[in-house]
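**Student:** Can you keep this structure in mind? I'll have questions shortly.
The values are calculated or read from the model by the stated rules, or taken from the named source; none is laboratory data. Remember, predicted model here, so these are calculated numbers, not experimental data. Here the Cβ positions follow ideal geometry from the backbone for every residue, glycine too, while neighbour counts run over all protein chains shown. Remember, those area values only see protein heavy atoms, side chains included, never the ligands or the DNA or RNA. Shrake-Rupley method; radii C 1.70, N 1.55, O 1.52, S 1.80 Å.
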Amino acid sequence: MQSGRVDLAKYQQEREQAIEQDRKVRELRRVSSPLEEMIASGRTPHTVGDLMNPNPVSVPAETSVEDAMHLMREKRISSVITQPGPDGDWGIMTQRDVISRIVSKNRQPSSVRVDEVASKPLKTVPLDMSLHDCAEKMASENIRRVVVVDNVGEPLGIISDTDIFASVEQFGLPE
């Protein structure tokens, strides 16, 4: 740069890097705390895709319940997705499943595989399902969470009754 002249190319590059870094930070916040990010951005959630917790934790079907429990506690989550086993079905193992199918039956978590206690088949919804329709599905099937899937059935995220409750408490019912 010559004295008294502005290096426009350098300035533009620094600006683009700052914008990209800001975008990455916003995306991380959106992924880790979707509801809080909605509040901060002023957007109102309407679909399960707006509120879901993305990138659900999944474990192989043969994982021991004990190992899955450790993972759940470490990550502070209440469920894990079970990858397809010999039956080819995805499943979900929740804390409730561990209580009802392991603890209450006096089984040792170290000797039981996740796919033996996981709820199957998954209760799934598409990314664009309305919160109203999702809540209706949860109520009619007496479940607390559903897995959000893409158009080929691959899990993208999880939405729970707690997520919907918090959204309605914060924003009211979506129109």
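**Student:** Quick check on segment 112-124. Is at least one of its residues over 16 Å from the mean Cα position of the chain (by Cα) and either more than 16 Å from residue 61 (Cα to Cα) or of a type in the set (S, T, N, Q) (or both)?
**Tutor:** The answer is yes; a qualifying residue exists.
**Student:** Is there any pair with a first residue in segment 100-116 that is open to solvent by 50 Å² or more (accessible area, probe 1.4 Å) and a second that is among the hydrophobic types (A, V, I, L, M, F, W, C) and not in a helix (DSSP H, G or I) whose Cβ atoms are under 7 Å apart and which are 6 or more apart or on different chains, and what are they?
**Tutor:** 113/61
**Student:** OK, next. I need the full set of residues from segment 138-175 which are under 13 Å from the mean Cα position of the chain (by Cα), under 17 Å from residue 93 (Cα atoms) and part of a helix (DSSP H, G or I), in order please.
**Tutor:** 161
**Student:** Please count how many residues of segment 117-137 are more than 15 Å from residue 97 (Cβ to Cβ), in a helix (DSSP H, G or I) and either touching a residue at least 24 places away in the same chain (Cβ under 8 Å) or among the polar types (S, T, N, Q) (or both).
**Tutor:** So the count comes out to 4.
**Student:** Of the conditions (1) open to solvent by 60 Å² or more (accessible area, probe 1.4 Å); (2) at pLDDT 95 or above; (3) closer than 30 Å to residue 173 by Cα, residue 125 clears all except one; give me its number.
**Tutor:** (1)
**Student:** So which pairs qualify, if the first residue must be in segment 140-162 and within 10 Å of residue 127 (Cα to Cα) and modelled with pLDDT of 90 or more, the second must be acidic (Asp, Glu) and assigned to a loop (DSSP other than H, G, I, E, B), the Cβ gap must be under 7 Å, and the two must be at least 6 apart or on different chains?
**Tutor:** Qualifying pairs under 7 Å: 156/150.
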